[in-house]
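A quick write-up on the structure given underneath.
What follows is calculated from the coordinates using simple rules that are stated; it is not laboratory data. The structure presented is a predicted model; accordingly, all values stated were derived computationally and were not measured. Here Cβ is always computed from backbone atoms with ideal geometry, including for glycine, and neighbour counts include all displayed protein chains.
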Amino acid sequence: MSRPAARRTSHALLALGALLLAVFTARAVAPGALPWVPSTPLYDVVDILGTLAIVVRAAAVREQRAAWILIAVGVSASTVGDVLSTVIYGSSAEMPVPSWCDPLWLGFYPPMVVAAVLLTRGRVHGLRSGMWLDGAAGALAVAAVMSAALVAPLVRQVAGEPLPALLTNAAYPVGDLVVVAALVATTAVAGWHLDRRWLLLVTGTLAFVASDCAYLVGTAAGTYADGGIPDVGWLAAALIFGLAAWAPARPVADRHAAARGAVLAPVVFAAVALGVVLHQALTRPAAMTLVFAAAALAVVIGRLTAVHADHQRLLRESRLDAATDELTGLWNRRRLMADLDAAAADGTPRLLLMLDLDGFKSYNDTFGHPAGDRLLRLVGTDLDGAVAPRGTAYRLGGDEFCALIDLAPGEAPTAAGAAVAAAIDSRGDGFHVGASFGWAELPAEAREPSDALRLADRRLYVAKDGGRTSAARQSADVLRAVLTERDPALGAHVDGVAALAEAVGRRLGLSRSALRLLRRAAELHDVGKVAIPDAILTKAGALDDAEWALIREHTAIGERILSAAPALSAVAGIVRSAHERIDGAGYPDRLAGDAIPLEARIVFVCDAFDAMTSSRPYDATRTPAAAIAELRRGAGTQFDARVVEAFAAELAEGSAALTRSAPSRSSAPAPAPSR
């Protein structure tokens with residue numbers, strides 16, 4: 001039978017069973033209302049319908065089939081016991097204890113307990129020991145309550161009966177106790193998460209146990225009669241189990257379950273167990289009840305101990321994660337600052353090395369980011385191996401690394417740095433990724449960590465862009481010289497823009513490599529103007545449409561010029577976007593918002609400010625305050641508002657040079673009219 005057909009069949013059986021259950025309940029509530037309805041056959045029919053619905057589900061659906069087969073076995077055993085009771089003993093006959101039906105009725109309990117465990121394993125993944133302890137504590141607390149309220153009194157009532165009858169009568173409350181305890185335990189393991197299926201299972205089990213308890217109490221008191229209200233719970237349980245078989249179930253995440261039950265559940269179970277102990281102390285004590293309560297308290301103590309251990313472990317893991325670089329496994333900047341503080345405090349001579357990879361961007365662009373990540377992991381491993389005997393390695397981010405090592409007596413810092421840099425040198429067909437380094441000696445040159453970092457960073461910058469001139473620097477210098485020769489005023493303009501852009505980029509938190517890229521882009525953002533006629537660049541009056549169209553070509557021309565030098569390919573893209581507006585009305589590509597590179601947005605603001613505060617024959621020079629006001633008026637449309645505010649803050653602190661000299665023709669939108 002297909003799954004849809006099985007579902008329809010089960011629902012039809014359950015619908016018919018619910019209708020007959022309503023008739024049975026009406027007869028049980030008012031026996032004289034439906035005298036023609038025989039209660040015993042009706043009871044058996046409802047029981048069979050609910051059982052068949054579960055059997056159909058277990059046979060047709062593979063999901064959690066083992067658990068539902070066990071539930072089908074348990075419910076079927078109880079149903080067969082009911083039918084056998086009708087056939088053999090009839091509704092009015094005195095049934096012996098034990099009878100042929102008792103093994104079948106008692107056969108309901110073991111499969112239900114095992115099924116509850118199997119269903120829980122399917123709901124919760126990655127179970128921890130603490131979650132099982134929650135379940136054990138809950139089961140024992142419930143067992144203590146049921147023992148005090150039900151098991152012990154019933155056992156005392158039947159204490160004078162023959163041993164077979166005594167064991168049989170005691171088996172039912174014990175079975176109920178075990179099933180309820182198992183449900184509480186498995187629900188606790190799942191973090192008290194009750195989806196529709198689990199809620200129906202719990203409801204059906206409680207209905208079954210409630211009828212059991214009513215039957216046991218009524219039988220002991222001599223008041224029980226077939227077809228009464230207590231029988232409704234057994235029938236309702238069979239139908240509810242049938243509904244549960246087709247209800248959706250949602251998996252429970254381990255972390256959510258653990259979080260909900262970690263503290264609250266043990267406290268509740270401990271309170272229940274203490275309440276049982278106090279009740280037993282004030283009444284006639286039962287040994288079994290006290291054992292359950294004491295065991296529950298012991299498990300709660302173990303659970304709280306496990307919670308404490310888990311918290312300590314998670315705290316250690318979170319501290320480790322917070323101080324570890326995810327890609328390379330090296331310590332990160334947070335750990336470096338802590339180690340620098342410790343080194344400054346104990347006064348031990350240490351050498352701080354800052355390393356920046358040369359050629360990594362080209363490698364990343366050529367071979368792709370996955371290959372770049374693998375190379376960074378390799379560099380991290382090599383760096384760790386190079387400094388491990390006498391120090392610690394760190395990754396600060398991107399292609400920037402750091403090391404803190406013990407400096408041997410008489411050892412030159414440059415020699416130590418060169419040895420570490422050589423250890424992370426990587427070569428292959430078509431690529432070479434080396435490293436430049438800067439250093440600072442603690443405490444000889446710097447006692448404060450911030451001072452040591454600044455000194456090492458300054459020396460690294462000199463090594464990167466001064467001592468060994470890179471291909472990018474050489475190309476940029478050539479183009480910068482061409483601009484200056486073409487128009488000295490243009491050279492002064494780009495110098496001013498570069499100084500402003502670097503200061504703003506530093507305030508915005510750009511990395512060292514991003515700052516180098518930004519400065520070069522600012523220095524070369526007008527390189528395309530070498531293709532613009534002097535008559536347009538030096539024109540004193542307003543430009544016409546054709547002249548403006550040519551002016552607006554200079555960013556695309558600049559990109560083509562810079563792209564001819566592979567070392568400046570990244571700069572080329574920034575230069576192309578240096579006149580894009582945040583609202584998408586810029587040129588040449590009409591980019592908008594975050595689609596514009598951040599470096600280009602910074603250059604745009606600095607270019608506009610420099611042009612507005614420069615001496616120009618076609619417009620009045622503005623004061624810095626007036627220029628800032630103009631930038632703010634354009635924030636959110638022409639300019640990135642965050643960049644404008646960073647620029648204003650940098651200007652207010654006086655950290656950027658504001659000296660302007662010869663006139664220049666800028667294509668920025670603020671100083672000259674644009675169309």
So if R0 is 22 Å, what FRET efficiency would Glu445 and Ala388 give, r being the distance between their Cβ atoms, rounded to the nearest 0.05? 0.35
Using a cut-off of 9 Å between beta-carbons, work out the net charge of the residues near Leu327 (Lys and Arg +1, Asp and Glu -1, Leu327 not included). -1
Cβ under 14 Å from Ala77's Cβ, Ala77 left aside: what net charge do those residues give with Lys, Arg +1 and Asp, Glu -1? -3
Measuring from centroid to centroid over Cα atoms, what is the spacing of segment 540-578 and segment 47-61 in Å? 77 Å
10 Å-binned pair-distance histogram of segment 471-652 (Cα, whole percent): 10, 38, 40, 11, 0
How far apart, in nm, are the 7 Å Cα→Cβ label points at Ala171 and Arg377? 6.0 nm
In a shell of Cβ-Cβ distance under 14 Å around Ala343, excluding Ala343 itself, what net charge do Lys and Arg (+1) and Asp and Glu (-1) give? -4
Please list 3J(HN,Hα) in residue order for segment 596-602, calculated via the Karplus relation 6.51 cos²θ - 1.76 cosθ + 1.60 where θ = phi - 60°; whole Hz, with x for glycine and proline. 7, x, 4, 4, 5, 5, 5
Return the sequence-ordered ³J(HN,Hα) values of segment 495-507 in whole Hz as given by the Karplus equation 6.51 cos²θ - 1.76 cosθ + 1.60 applied to θ = phi - 60°, using x for Gly and Pro. 4, x, 4, 5, 5, 5, 4, 5, 5, 5, x, 5, 5
Classify segment 333-465 as rounded, prolate or oblate, taking a ≥ b ≥ c as the square roots of the eigenvalues of its Cα gyration tensor: rounded when a/c is under 1.5, otherwise prolate if a/b is larger than b/c and oblate if not. prolate
Among 602-612, 229-239, 375-385, 539-549, what's the highest-first ranking by average C-beta atoms within 10 angstrom per residue? 602-612, 229-239, 375-385, 539-549
For segment 162-241: Kirkwood Rh in Å [reciprocal of mean 1/r, alpha carbons]: 13.7 Å
Would you mind calculating the gained length between Ala556 and Glu645 on full extension (0.36 nm times residue separation, minus the Cα-Cα distance), in nm to one decimal? 29.2 nm
Using a 10 Å cut-off around each Cβ, can you sort His525, His432, His554, His193 from fewest to most neighbouring Cβ atoms? His432, His193, His554, His525
Once both labels are modelled 7 Å past Cα along the beta-carbon direction, what's the Ser569-Ala342 spacing in nm? 4.3 nm
